[in-house]
Amino acid sequence: KPKPALTLSPASSHPGGRLELFPARCKNRSASAPHDTSTIHYEKFWLYRHCSSVQQGDRQAQKAGQLFSGLLAMNVVFLGSAFVSSMIFNHVAITLADVWILLSILKVLCLCWIIYYLLGTSRQPHAVLYRDSHAGPMWIRGSVLLFGIFSILLNTFHIGYSAVLIQCKSRVEIVFPSIEILFICTQAFFLWHHSKDCIQVQHNFTRCGLMLTIATNLLLWLLSVTNDTIHMEIESQLREVEQRFAGNETVSCTCPNTTICKVFQKGYILLYPFNTEFCLVCCSVLYVMWKNVGRRISHHHVPHIKHKFKLQGVVFGPLLGVIAVIIGICVFMMYQIQATSSVPDRQVFVMFYSYYVVLLPLMSMGAVVGTIIHALEKKELDTVKNPTRSLDVILLMGAALGQIGMSYFSIVALVATDPRELLNSLILSYSVLLILQTITQNVFIIDGLHRQPLVEETKGEQIHEACDQRRMSMLELGQEIRRASLSYIHSYSHLSWKRRALREISFFLVLCNIILWVIPTFGAHPVFENGLEKSFYGYSTWFAIVNFGLPLGVFYRMHSVGGLLEVYVTA
C-alpha cells in the first residue's frame, strides 16, 4: 500500500505558530490524497478544527452543566419565594410553619451534599489539582465565621424562647432552629476549608449541589429580611394601635415576666441582622466555587506574593475613622433613645442627618483623592480572569442600587413638597451626598481591585521564583530583571507617599463603612420613621421601597469593607 500523503500546515494557521505534519486521511473523505508526496498544500488546519474536539466538548459540557444547575437553583428560589409571599399575603392558607418545613427539607438536602463532598468528592484522586488563590480571602472567611457564630447564638435564643412558651408554640419552632444550627456549622466548616477548591471530578453533581445551597441561603435571607421588615412595621405602627388594642386578651402567647424569657426575646431581635449577612456572604463564596468547578489555572497566573494586613505607616486614617465611629455610636444611641419614645423629638432627626451630611462629603473626598492617586501610579491593570473579582464588582454595583434608589425617591418627594424647611433640606442634602459617596467609593474600590499589587520582594527572589515556575528565554529573563528593578525602585522611593496615602484613605473608609453598617443594622431607620416620604408616597408604597433598598444598603456597607481591605493590603 502507498504511504499516506503528508500535508504541511502553515505556521499562521496553527495557534502555536509551528509547522505541523499530519496524515492526509484525517482530512475530508471527499478530498483525494495527492499522489506527489513532495507537494505542499497550504490550507486551513482541518485537523485542529475538526479532529481535535476534546477541548470543545469540555466547553460544551461545562456550559450545559452550568445551565442545568442554574435552572435548578432558579426553580428552587421561585418555589420558596412563592411560599414566603403566600405566607405574607395569606397567612391562613400558608403559615410560617409551612415555610419552615420547606426550608428544613432544603437544608437537609444541602447537608447531605456537603457531607458527601467532604467525605467523598474532595477525597478522590486528582479531585483538587488547582486552588484559586483569589477565592475565599481571609476577610471573607472571617466574616463567614463571625456571622455564623452570631447566627448560632440567634437560633439558640430562638430555641430558648420557644421552649419557655412551649405551651403555645409549635414543635416546628424548635426543630427548625436546631436544623439551622447544624446547617450553619457544617456550611461554615465547608467554606472555611474548601472555598478555594477548583474541583476536577463530578462536575455536574458538584454544580447542582452548590446551586442548591445557594438557593437555600437566598431563601433564608428572604425570610430573614421579610421578618425583619415586618418587625419594623410592627414597631412603627405600635404607637397608633396600642390604644385600640388596650385590654384585648386575644394574644395568648406572650412572654411572662421572667428574666430568662426577656433575655431570649431581646437576644433574638438584636442578633437578627447577622443571619441576613451570613446568608449573603455564603452565597457569594458558593458562587465563586461554582464558577471554579472544572477550572484549570495556569502556573504563571499564581501570584508571587501573599499580602498580609499590617498597620504599619498609617496614622491619620485610623485616627479620623475612630473619631467618626465614636461620634456615630453616640448619635445612634441618642437617636434610639429619642425615637423609641412615645413622641419622638424632631431635633433627633436633625442631629442624625447632620452627622451624615458631615461624614459623607469626607468619605467622597477620600475616594476621589484615592482614585486620582491610582491614576498617578500608572500601575498595570490585572487582566487575568478572576471570578472572585468579577463577583465583587457585580455585588458592589448591584447592592448600591438599594441606597441610590431610595435616595432618588426621597429627592423627588422633598423637592415636590418644601425643600427649604430645615429637616427637609438636611434630608435632601443627605440623599444627594449619599448618591455621590456611593458612586465615588465604587469607582475607587473597583479601580483598586483591578490594579496589580506593588511588589515588595528583592530582585533575586522575584527572578528565582519566576524561573522556577516557567522556562524563560534570555529576552524574557531580561524583562523580568528590568520589571523587578523598576518595582523595587518605585516601591521604596517614588511611590512611598502614594502608598501611604492609599492606606490612610482605605483605612478611614473601612471604619466609616463599619459605622454606617452598624447604624441601620441595629434598628435606626429614619428613612421610614421621619414620616416625610411616607406621607408623600403613602404607607404601602414607601414601605415596599424601604423593604427593597434597606437590606441592599446594609449589605453594600458590609461588602464595601471587604473591598476596601483588599485595596489596603495591595496598596
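When residues in the range 114-147 are screened for being in a helix (DSSP H, G or I), surrounded by fewer than 19 Cβ atoms within 10 Å (Cβ to Cβ) and either at positive phi or modelled with pLDDT of 90 or more (or both), 5 of them pass. Only one of (1) open to solvent by 20 Å² or more (accessible area, probe 1.4 Å); (2) over 26 Å from residue 565 (Cβ atoms); (3) under 23 Å from the mean Cα position of the chain (by Cα) fails for residue 511. Which number is that? Evaluating residue 511 over (1) open to solvent by 20 Å² or more (accessible area, probe 1.4 Å); (2) over 26 Å from residue 565 (Cβ atoms); (3) under 23 Å from the mean Cα position of the chain (by Cα) leaves (2) as the failure. Restricting the range 73-111 to residues that are under 22 Å from residue 159 (Cα atoms) and hydroxyl-bearing (Ser, Thr, Tyr) leaves a set whose member that is surrounded by the fewest Cβ atoms within 10 Å (Cβ to Cβ) is 95. The set of residues from the range 148-178 being of a type in the set (A, V, I, L, M, F, W, C), touching a residue at least 60 places away in the same chain (Cβ under 8 Å) and assigned to a helix (DSSP H, G or I) comprises 150, 153, 154, 157, 164, 172, 175, 176.
Residue count for the range 334-360 under the criterion of being open to solvent by 70 Å² or more (accessible area, probe 1.4 Å) and either modelled with pLDDT of 90 or more or within 29 Å of the chain's Cα centre (by Cα) (or both): the result is 1.
Go through the residues of the range 503-511 one by one and say whether even a single one is in a helix (DSSP H, G or I), farther than 18 Å from residue 355 by Cα, at pLDDT 85 or above and hydrophobic (A, V, I, L, M, F, W, C). There is at least one residue in the range 503-511 that is in a helix (DSSP H, G or I), farther than 18 Å from residue 355 by Cα, at pLDDT 85 or above and hydrophobic (A, V, I, L, M, F, W, C).
The values are calculated or read from the model by the stated rules, or taken from the named source; none is laboratory data. Model, not experiment: these values are computed from the prediction. All Cβ positions, glycine included, derive from the backbone under ideal geometry; neighbour counts span all protein chains shown. Quick note on the areas: whole protein, heavy atoms, side chains included, nothing else; ligands and nucleic acids left out. Shrake-Rupley method; radii C 1.70, N 1.55, O 1.52, S 1.80 Å.
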